[in-house]
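A.B. asks: Okay, handing you the structure first.
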Amino acid sequence: MTEFSDGVISAVLAHMNDDHTDDNLRIVQAFGAPDATAATMSGLDGDASFWRVTEPAGERDLRIAWPSGPITERPEIRREVVLLHDQACAALGIQIEPH
């Protein structure tokens, strides 16, 4: 498992949780928490992303593996989050604009 620096992780979490709240929710709804009403990205490593999910029954943590497999470089984080979002939208039947 690849570990990213605390600074990289903090920057990614701030970006995702400040700028992409709807995207976070779509991702968790498609990958294991269909009844989620809110979600924040809580962490990541070379193997997966981690989310704090709010559901009617309460809060829980959810681990979602990167679609392309393990990653080792910071630019791969963005690629994998975009893939997660695109796959989530496809699974949920949401039309998205090309990147």
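The values are calculated or read from the model by the stated rules, or taken from the named source; none is laboratory data. On a predicted model such as this, the values are computed, not experimentally measured, just so you know. All Cβ positions, even for glycine, are placed from backbone atoms using ideal geometry, and neighbour counts span all protein chains on display.
A.B. asks: Tell me which residues, restricted to the stretch 1-21, are of a type in the set (A, V, I, L, M) and part of a loop (DSSP other than H, G, I, E, B). Working first, answer last.
C.D. replies: Kept after step one, since they are of a type in the set (A, V, I, L, M), are these residues of the stretch 1-21: 1, 8-9, 11-14, 16.
The answer is MET1, and nothing else.
A.B. asks: Name the pairs: first residue in the stretch 5-33 and within 17 Å of ARG78 (Cβ to Cβ), second residue of a type in the set (Val, Ile, Thr), Cβ to Cβ under 6 Å, at least 6 apart or on different chains?
C.D. replies: VAL12/ILE77; ASN17/THR40
A.B. asks: Also, quick follow-up: Need the failing condition index for ASP23 against (1) out of contact with any His (no Cβ under 6 Å at 6 or more places or on another chain); (2) at pLDDT 95 or above; (3) of a type outside the set (A, V, I, L, M, F, W, C), just the number.
C.D. replies: (1)
A.B. asks: All but one of (1) surrounded by 10 or more Cβ atoms within 10 Å (Cβ to Cβ); (2) outside any loop (DSSP other than H, G, I, E, B) hold for ILE96; state the number of the condition that does not hold.
C.D. replies: The single condition ILE96 does not satisfy is (2).
A.B. asks: Provide a single number: the residues in the stretch 34-89 that are aliphatic (A, V, I, L, M) and either surrounded by fewer than 16 Cβ atoms within 10 Å (Cβ to Cβ) or not in a strand (DSSP E or B) (or both). Working first, answer last.
C.D. replies: Residues of the stretch 34-89 aliphatic (A, V, I, L, M): 36, 38-39, 41, 44, 48, 53, 57, 62, 64-65, 71, 77, 81-84, 88.
Of the ones still in play, those that are also either surrounded by fewer than 16 Cβ atoms within 10 Å (Cβ to Cβ) or not in a strand (DSSP E or B) (or both) are 36, 38, 57, 65, 71, 77, 81-84, 88.
Counting residues in the stretch 34-89 that are aliphatic (A, V, I, L, M) and either surrounded by fewer than 16 Cβ atoms within 10 Å (Cβ to Cβ) or not in a strand (DSSP E or B) (or both) gives 11.
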